[in-house]
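Asks: So that we are looking at the same thing, I have put the structure below in structure tokens.
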Amino acid sequence: MSTPTPWSVLRTRAPFRRLWLGALVSSLGGTFTWIALTWFLVERTHSDAEAGAAIGLMLLCISLPAVLTGGLIGKLLDRVQPRPVLILDNLARAVLIALIPLFDLLGWLPLVSVYVISTLMGALEPATRVGTRLLTPHLIPDEELEVANGALALTEHLPVIVGPALAGFVIAQWGAPRALLLDAASFLVFVGAAATMPDILRTEAKPDSKRGFGPQVLLRFPLLLFVTLMSAAATFAYGPTEAALPLFVKNQLHQGASGLGWLWSAVGVGAAVGSLATGWLIRRVPAGLAMSLNCLIWGLCEVALAFSPTLWHALACFFLGGIVWGPYMAVEASFLQRNTPADQQGTVFGAHAALLAPMMPLGAAVGGALLRVTSAQNVILGAALACVLTGAVALCVPGLRRGKSGEGAGD
């Protein structure tokens, strides 16, 4: 039997291929939205400090609502089929993002309207993230799960490589508000893909599975709780790097915006390469051990980044870090899918989304505060050591270190 690859899975599993293409187009549209909205805020504010505060507020508006809605949406997805939820979510977000260019055309686009729309879109976002994770094990054989999740991770990594340059070109031609029409169109593409998804087979829910929603439900699954906390800690630890990297590029590497762009491209390319290696990795290393090592080695790459004397050295560090981190999301998704009872997957995935949603912006906020009292190099170094510590602690958990897979939750 041949070893599955992302290409073979996409070639032979038509429903999964449609889901993948919809997710890729939608993720590319999301990149356009992020670039367009940040540029719009830069244009509509009057100073760098005001623009930074506006962008930070928008990031919070997008990220924090999932803390409240993730658990509710997950619980809903344990009771209804994912297909209508995915369709309604993406239709609603297509309409919401299209309101911004409409308001701009009408000459009425205050900043508060951008914050409100961002909040509503952030509240809806867990529906597609959780629904996609719920659907995937039902679209492919169990032995292809890690490879399929690696392919789905590519839909988030590839737009990082090509999206910013395309978005910049479109914004220059159309203006930031009208560029958002492309994201609205990308949501409609995902609607078309979601409409073709099959119903999934439901199992009878156990009485105790009906109690609770949100993060507290993870208390019933200690190993899943630890994996979620590890992911949350790693995401929080990365946040300060996001805040410090522009100043690090400017003050230590003596580069401009192009140097910062090259760094983001390097980590994006590395993560795409790493995602392709997910199947190879999981056949050789238990999933729990792989995730722990991903955290630890990514942190070591950040340590090397903090001491980079040149842009080329920094690019090498970020590229290698991207390769190391690339498989993490796919391995984690497969671990959760295999070790969560089928009748509670939506609830658990929703709780996972709710816990992770605020971690990046909170970490970035901490990084921004630290930049007032120390250098960007020290902030990145501290973030790196926090990630190393997260991975080291995870390596000390025997159940996680040995953890590979539970019962298949799909077919």
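Bear in mind these aren't lab numbers, they're just calculated from the coordinates by the rules spelled out. None of these values were measured; they are calculated from a predicted model. A quick note on method: Cβ atoms are made from the backbone with ideal geometry, for glycine too, and the neighbour counts reach across all protein chains shown.
Asks: Which helices, taking whole DSSP H runs in the chain, have alpha carbons extending 24 angstrom or more along the helix axis plus mean Kyte-Doolittle at least 0.5?
Replies: 14-44, 82-105, 145-174, 176-194, 222-251, 257-276, 287-306, 376-395
Asks: What is region 241-323's relative contact order, in percent, from Cα pairs under 8 angstrom and six or more apart in sequence?
Replies: 45
Asks: Rank these for me by crowding, CYS295, CYS301, going from fewest to most other beta carbons within 10 Å.
Replies: With the sparsest Cβ surroundings first, the list reads CYS301, CYS295.
Asks: On to the next question. Going by how many other Cβ atoms sit within 10 Å of their own, how do HIS138, HIS157, HIS46 line up, fewest first?
Replies: Taking fewest neighbouring Cβ atoms as first place, the list is HIS46, HIS138, HIS157.
Asks: Along the charge dipole of region 35-84, Cβ charges K/R +1 and D/E -1, which of PRO82, LEU41, LEU68 sits furthest on the positive end?
Replies: Looking along the dipole axis, the top candidate is PRO82.
Asks: If you don't mind, another one. Would you mind getting me the FRET efficiency between ALA53 and TRP174? Use the beta-carbon distance for r and R0 = 30 Å, nearest 0.05.
Replies: 0.70
Asks: Normalised by the empirical 2.2 N^0.38 Å for globular proteins, what value does the Cα Rg of region 281-375 take?
Replies: 1.35
Asks: Give the distance, in whole Å, between the Cα centre of region 173-188 and the Cα centre of region 45-122.
Replies: The distance from the Cα centre of region 173-188 to that of region 45-122 comes to 15 Å.
Asks: For region 1-142, place one equal point scatterer on every Cα, skip the solvent, and apply the Debye formula. What is log10 of I(q)/I(0) at q = 0.15, 0.16, 0.19 Å⁻¹?
Replies: Log10 of I(q)/I(0), two decimals: -0.85, -0.92, -1.14.
Asks: Mean-square fluctuation check for the chain, GNM, Cα pairs under 10 Å: which of ALA290, ALA316, ALA383 is largest?
Replies: ALA316
Asks: Turning to a different aspect of this structure: In nm, what is the difference between 0.36 nm times the number of residues separating THR45 and ASN378 and their Cα-Cα distance?
Replies: That pair, THR45 and ASN378, stretches by 116.9 nm at full extension.
Asks: What does the convex hull of the Cα atoms of the chain come to per residue, in Å³, rounded to a whole number?
Replies: About 132 Å³ per residue, rounded to a whole number.
Asks: For region 263-314, what is the Kirkwood estimate of the hydrodynamic radius, computed as the reciprocal of the mean inverse distance between distinct Cα atoms, to one decimal in Å?
Replies: 12.4
Asks: Going highest first, how would you order 112-123, 236-247, 58-69, 7-18 by mean Cβ packing within 10 Å?
Replies: 236-247, 58-69, 112-123, 7-18
Asks: Working out 0.36 nm times the residue gap between CYS396 and LEU102, then minus their Cα-Cα distance, what length gain in nm do you get to one decimal?
Replies: Difference between extended and current length: 100.5 nm.
Asks: Enter the mean projected area of the convex hull around the alpha-carbon atoms of region 18-100, in nm², rounded to one decimal.
Replies: Projected over every direction and averaged, the Cα hull of region 18-100 covers 6.5 nm².
Asks: Picking from LEU86, LEU385, LEU109, which is most flexible by a Gaussian network model of the chain using Cα springs under 10 Å?
Replies: Comparing LEU86, LEU385, LEU109 in the GNM, the peak value goes to LEU109.
Asks: Using a Förster distance of 25 angstrom, determine the FRET efficiency expected from the C-beta separation of GLN81 and ASP142, and round it to 0.05.
Replies: My answer for the efficiency is 0.75.
Asks: Here is a follow-up. List the chymotrypsin sites (Phe, Trp or Tyr not before Pro) in region 245-331 that DSSP assigns to loop (not H, G, I, E or B) and whose Cβ has at most 16 other Cβ atoms within 10 Å. Which are they?
Replies: For chymotrypsin sites (Phe, Trp or Tyr not before Pro) across region 245-331 that sit outside H, G, I, E and B with at most 16 neighbouring Cβ atoms in 10 Å, the list reads PHE307.
Asks: Would you list the P(r) distribution for region 97-208, with all Cα-Cα distances sorted into 5 Å bins from 0 and each bin expressed as a whole %?
Replies: Percent of Cα pairs in each bin: 2, 9, 13, 18, 18, 14, 10, 7, 5, 3, 1, 0.
Asks: A follow-up question, please. Arrange ARG372, ARG283 by Cβ neighbour counts within 10 Å, fewest through most, would you?
Replies: Least to most surrounded, the residues fall as ARG372, ARG283.
Asks: Give the average over all directions of the projected area of the C-alpha convex hull of region 71-146, one decimal, in nm².
Replies: Directional mean of the projected Cα hull area for region 71-146 stands at 6.4 nm².
Asks: Further question on the same structure: Among VAL147, VAL366, VAL348, which one moves the most in a GNM of the chain with springs linking Cα atoms closer than 10 Å?
Replies: For the chain, modelled as a Gaussian network with Cα springs under 10 Å, the answer is VAL366.
Asks: May I ask you to order 267-278, 159-170 by the average number of other C-beta atoms within 10 Å around their residues, highest value first?
Replies: 267-278, 159-170
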